[in-house]
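Every number here is computed from the coordinates shown, using simple stated rules; none is lab data. Treat the numbers as computed from the prediction; the structure is a model and nothing was measured. Cβ: placed from backbone, ideal geometry, glycine included. Neighbour counts: every protein chain shown.
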Amino acid sequence: SQQGEEDPQALSIQEGENATMNCSYKTSINNLQWYRQNSGRGLVHLILIRSNEREKHSGRLRVTLDTSKKSSSLLITASRAADTASYFCATDGEIQGAQKLVFGQGTRLTINP
Amino acid sequence: DTGVSQDPRHKITKRGQNVTFRCDPISEHNRLYWYRQTLGQGPEFLTYFQNEAQLEKSRLLSDRFSAERPKGSFSTLEIQRTEQGDSAMYLCASSKTSALRAYEQYFGPGTRLTVT
């Protein structure tokens, strides 16, 4: 079963605008990760944020984590056509275990040129 | 290219046939995971290995599914007596492991299975 939900399910913006995607989850986590998936391809890891971190940056990506609200957001600034993809959050609730990831349903992001 | 390879990339089979998929992880990664993804959904965990030991299997993994990782290197996922509901993308991922920190998982391109 899916751990959480991404919101919105689909997002369409103009190139150059910022894109914000949200993820909510249900149980306690050890860390939360964001992945990107181009149509019909495998997943590419974007960023990992640990449960004791509140914000993390990587290039044009900014991730926040609010464990009290069990939610995370991914911000992509200055979007480009190549950012068109599905974005998934994945939670890892294991402390010293399998690190099996539990994914949400994803946000389909379309960047219009 | 993440360094994780899967073969074949596409497989079309008739209901009732057996299929086998292969995953080659990044060489220094001792953990290997299998996930299944259906259209419009996120991946769902199936099973994982640490070295050659299969340590956990999801309830999604019926007795028609079997996975191996001989010698702790590549892994195979076999589905016996395939059913139309098995049609999905099968993803393999690998990672390092540590008791002190979590590592990101690197995913392969997936094997898309279509059961007719």
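Summary of values
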{"quantity": "Debye intensity ratio I(q)/I(0), log10, the range B:37-105, q values 0.14, 0.15, 0.19, 0.26 Å⁻¹ (C-alpha model)", "calculated": "-0.50, -0.57, -0.88, -1.38"}
{"quantity": "Distance histogram in 5 Å bins (all Cα pairs of the protein assembly as shown, percent per bin)", "calculated": "1, 7, 15, 18, 19, 17, 12, 7, 3, 1"}
{"quantity": "Length-normalised contact order for chain B - Cα pairs under 8 Å, 6+ apart - percent", "calculated": "37"}
{"quantity": "Two-decimal ratio, chain B, of alpha-carbon radius of gyration to 2.2 N^0.38 Å", "calculated": "1.02"}
{"quantity": "Local net charge near A:Ala19, Cβ-Cβ under 14 Å (Lys/Arg +1, Asp/Glu -1)", "calculated": "0"}
{"quantity": "Cα-based radius of gyration of chain A once divided by 2.2 N^0.38 Å, which approximates compact folds", "calculated": "1.01"}
{"quantity": "Relative contact order [Cα under 8 Å, 6+ residues apart], the range B:65-113, whole percent", "calculated": "31"}
{"quantity": "Share of pairwise Cα separations in the range B:69-114, more than 11 Å, in percent", "calculated": "76"}
{"quantity": "Eligible lysines near A:Lys56 by straight Cα distance, threshold 20 Å, same-chain separation 8 or greater", "calculated": "A:Lys69, A:Lys70"}
{"quantity": "Charge sum, other residues only, whose C-beta stays under 11 Å from B:Thr111's C-beta, Lys/Arg counted +1 and Asp/Glu -1", "calculated": "+4"}
